[in-house]
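We did not get these values from a lab; they are worked out from the coordinates using the rules stated. On a predicted model such as this, the values are computed, not experimentally measured, just so you know. Because the Cβ atoms are built from the backbone with ideal geometry, glycine has one as well, and the counts that use them run over all protein chains shown.
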Amino acid sequence: MFPCLPIVWIVLWLVISILFPGLLFLQIVPGGTLTGLVGIAITLAGLGFAIWARIHLGTNWSGQPVIRIDHTLVQSGPYRIVRNPIYTGILIASIGSTIVIGEFWALAVTIIILVVFIAKIRNEEEFLLEEFGESFIAYKQKVKALIPFIL
């Protein structure tokens, strides 16, 4: 889907490192035991949500967007909260990890993950629209993609 993406990010990383030395390792979240525990809790909650979503999706899951025989539009469990709960869970886990690490580079990685997920969602939802038509349109109007009630 994005064959040159890793090269783009590496070049961007190098440019930032050269133009703004030290920025990537700038501490943006204060350290401490409480901060670390909160970050770990958020990370575990995100991973738990993603795992719940993956298990709930069952045989409808695929690494690439494909429509299978007897494919169903799952709208229950975590899929009644957000349309892409696996991505939501991974993003939550990444935010928790950013809190634990506390440095700018971790936030940059989380932003990169968000951008990639948004692109993947657009691609995947084309398949779902083609397969489920009006049912998917109604579901899309009712349930947000990544963040309940917002995005």
### Summary
Tilt, helix 104-132 to longest principal axis of the chain (alpha-carbon atoms), in degrees rounded to tens, equals 10
### Query
Using the eigenvalues of the Cα gyration tensor, what equivalent ellipsoid semi-axes result for segment 49-105 when each is taken as the square root of five times the eigenvalue, whole Å, largest first?
28, 12, 8
### Nearest-ten-degree value, helix 5-19 long axis tilted from longest Cα axis of the chain
20
### Task
Starting from the Kirkwood radius over alpha-carbon pairs of segment 1-85, derive D by Stokes-Einstein at 25 °C in a medium of 0.890 mPa s and give it in µm² s⁻¹.
144
#### Entry: Kirkwood Rh, angstrom, the chain [1 / mean 1/r, Cα pairs]
17.1
### Query
Computed FRET efficiency, Cβ-Cβ of residue 56 and residue 137, R0 25 Å: what is it to the nearest 0.05?
0.70
## Note on the structure
With only helices counted (DSSP H, runs n ≥ 4, each -39500 (n - 2.57)), the per-residue ellipticity at 222 nm for the chain, to the nearest 500, works out to -21500 deg cm²/dmol
### Message
Compute the angle between helix 85-101 and the longest alpha-carbon principal axis of the chain, please, reported from 0 to 90 degrees and rounded to the nearest 10.
### Response
10
### Task
Between residue 23 and residue 129, with labels modelled 7 Å along Cα→Cβ, what's the label distance in nm to one decimal, could you check?
3.5
### Task
Could you work out the relative contact order of segment 1-145, using alpha carbon pairs under 8 angstrom and six or more residues apart, expressed as a whole percent?
32
